[in-house]
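**Q** Mind having a look at this structure? Questions to follow.
Read the figures in this text as sums done on the coordinates, not as results from a lab. All figures in this text were calculated on a predicted structure; none of them were measured in a lab. Here the Cβ is made from the backbone with ideal geometry for all residues, glycine too, and neighbour counts use every protein chain on show.
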Amino acid sequence: MMLTRDGIAWRIARDLREGDYVNLGVGIPVLVSNYLDRTQEIFLHSENGILGVGPRPARDEIDLDLISAGKGFCTLAPGAALFDQPLSFTMMRGGHLTHAVLGAIEVAENGDFANWSVPGEAVPGVGGAMDLAVGAKNIFIAMSHVTNKGAPKLVASCSSPLTARARVRRIFTDIAVIDRTEAGFVLREVMPGHDPDSIRAKTGAALSVAPDCHEMTVPEASAKGVALIRHD
Amino acid sequence: MIDKTVQSCREAVAQVFDGASIMLGGFGNVGMPAQLIEALREQGSRDLTLISNGAGTGPYALGALVGDGRVRKVIASFPSPSAAEFRTRYLAGEIELELVPQGTLVERIRAGGCGLGGFYTPTAAGTDLAAGKETRVIDGQEYLLELPLKADFAFLKAHWGDRLGNLMYRGTMRNFNTVMATAAITVVAEVDRLVAVGEIPPDAVHTPGIFVDRLVCVERHPKVVELPREASAT
């Protein structure tokens, strides 16, 4: 049993609390916004200049001047603020965001991670990834546990170009939740059907097990019917 | 009486010269001075250096300017996969790219505009983008020395403007526009509406007129007001 991309996003949303200020990167991270408890005041930051990104608009509610960092149209949540790039990156680099949720190609046991230089992509682009990576209080990583070819993405040291050194706090994969501590990777949660040894077999670095490590309990599908779990 | 307004985009960009460096506001299409960029295409200057977050959003405005082959260098953080014109020219070796993390790009422009000689940033320390940069350890953390960025011209897009050059934006238009307004020798703004002096409340003047040399009121570029077939998610 594994989490879908939406399942990973659902699980990350469970770790966000009222009063958190959170930046969601492209890919799986941005899906987290679909699983937030909207009764809680959790503020989403968008690096182009929004604190308080709301849900996507209906087509007839689109405001052409309101886009989020993924360049899709967005709305504003109650209490939202709009600002320019200097203030936006003050929030990011200055340590004011509670969490940045980012995708990754590799995460190393010392907390290094790589996510900006995609293998095979000839035109480089970095955007705000490095600023978030050094600046947010906590870096959460959302990614599949292994590559399409089955190679571990949690590794002893990164071989891809780094985004930042020693910054990752927690990794959410399709089969596990893993903390990155001074002592390396620590397994906290596993999907049903997996155990510490099977997770270790797919991890390219030492993995210790938290005393309270437990199985995740995840519904088959979201309230809107999106599959959170896959059984292949 | 001060009057910084000009009647056409053509007039607004007339002074651009071969080899000029130009800052272009905008994040995606929002806050991008698309009509000024189209006028620059007609104006025809060559060997331009563009300073912008991206390198185009399609075959118009910035994307088309790059596609015209008159851009020598782009200083950007995210020349995204949708910038097909840039991609072609870059892979052919016709355009130089200086890739700068977005926050560093912003701060380099800010330093250029506010009279600082540079700054130390933790962003990109220990990565490939630190190559060749001076480093310094401050309170146990490694920082990179980054130098200011200025330009010959900045093209901005604002919502309202008055004859004094005061500008007000809406939504996410502010992005790079406010900071670029401070860092170029000649600053030209494209606005949706020209308003009387005092109509922009002083509390809402995002770019004070001291930074602006010329402004032109023009309908938005048709590609920029076009809704996509399917409104995409964030």
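**Q** So, in Å, what gap is there between the alpha-carbon centers of segment A:45-115 and segment A:208-232?
**A** Each part's Cα centre sits 26 Å from the other's.
**Q** So what is the calculated 222 nm ellipticity per residue for chain B, using -39500 (n - 2.57) for each DSSP H run with n of 4 or more, over all residues, to the nearest 500 deg cm²/dmol? Mind dumping the intermediate values first?
**A** On the way: 6 runs with 46 residues, N = 234.
Helix contribution divided over all residues of chain B: -5000 deg cm²/dmol.
**Q** Which residue fluctuates most in the GNM of chain B (Cα springs below 10 Å): B:L48, B:L144, B:L156?
**A** Looking only at B:L48, B:L144, B:L156, the largest GNM fluctuation is found for B:L144.
**Q** How big is the antiparallel share of DSSP beta bridges in segment B:9-217, given as a percent to the nearest 5?
**A** Numbers: 11 of 38 bridges.
Roughly 30 percent of the DSSP beta bridges within segment B:9-217 come out antiparallel.
**Q** A follow-up question, please. Mind putting a number on the dipole of chain A about its Cα centre? Charges go on the C-beta only, +1 for Lys and Arg and -1 for Asp and Glu, and I need it in Debye to the nearest 20.
**A** I would put it at about 300 debye.
**Q** Specify which residue in the list B:T182, B:A55, B:I37 is farthest towards the positive end of the charge dipole of segment B:9-217, using unit charges on the beta carbon of Lys, Arg (+1) and Asp, Glu (-1), about the Cα centre.
**A** Going by the Cα projections, it comes out as B:I37.
**Q** Relative to the Cα centre, what is the charge dipole magnitude of segment B:9-217, using +1 at the beta carbon of each Lys and Arg, -1 at the beta carbon of each Asp and Glu, and rounding to the nearest 20 debye?
**A** Its charge dipole is roughly 180 debye.
**Q** Percent antiparallel among DSSP beta bridges with both residues in chain A, to the nearest 5? Before the final figure, lay out each step's value.
**A** Working: 22 of 45 bridges.
Rounded to the nearest five, the antiparallel share is 50 percent.
**Q** If you don't mind, there's one more thing I want to ask. Ignoring everything except DSSP H segments at least 4 long, calculate the 222 nm mean residue ellipticity for chain A; use -39,500 (n - 2.57) per segment, divide by total residues, nearest 500. Present the calculation step by step, with values, prior to reporting the outcome.
**A** Numbers: 5 runs with 35 residues, N = 232.
Calculated mean residue ellipticity at 222 nm is -4000 deg cm²/dmol.
**Q** Okay, moving on. Placing unit charges on C-beta atoms (Lys and Arg positive, Asp and Glu negative, everything else neutral), compute the dipole magnitude of segment A:27-132 about its Cα centre in debye, rounded to 20. All intermediate terms of the calculation are to be shown ahead of the outcome.
**A** Values: 5 positive and 13 negative charges, 29 e Å.
It works out to roughly 140 debye.
**Q** Among A:A221, B:V216, B:G69, which residue has its Cα furthest toward the positive end of the charge dipole of the protein assembly as shown, with +1 on Lys/Arg Cβ and -1 on Asp/Glu Cβ?
**A** Of the candidates, B:G69 comes out farthest on the positive side.
**Q** Rounded to the nearest 5, what % of DSSP beta bridges with both residues in segment A:178-232 are antiparallel?
**A** 50
**Q** Let me ask something else about it. Hey, which of these cross-link pairs are over 29 Å Cα-Cα: A:K202/A:K224; A:K71/B:K150; A:K153/B:K223; B:K133/B:K223; A:K153/B:K150; A:K137/B:K223?
**A** Working: A:K202/A:K224 32 Å; A:K71/B:K150 27 Å; A:K153/B:K223 41 Å; B:K133/B:K223 40 Å; A:K153/B:K150 41 Å; A:K137/B:K223 39 Å.
Pairs exceeding 29 Å: A:K202/A:K224; A:K153/B:K223; B:K133/B:K223; A:K153/B:K150; A:K137/B:K223.
**Q** A further question follows. For B:K73, which aspartates and glutamates qualify as cross-link partners when the Cα separation must be under 12 Å and same-chain residues fewer than eight apart are set aside?
**A** Partners found: B:D47, B:E94, B:E96, B:E98.
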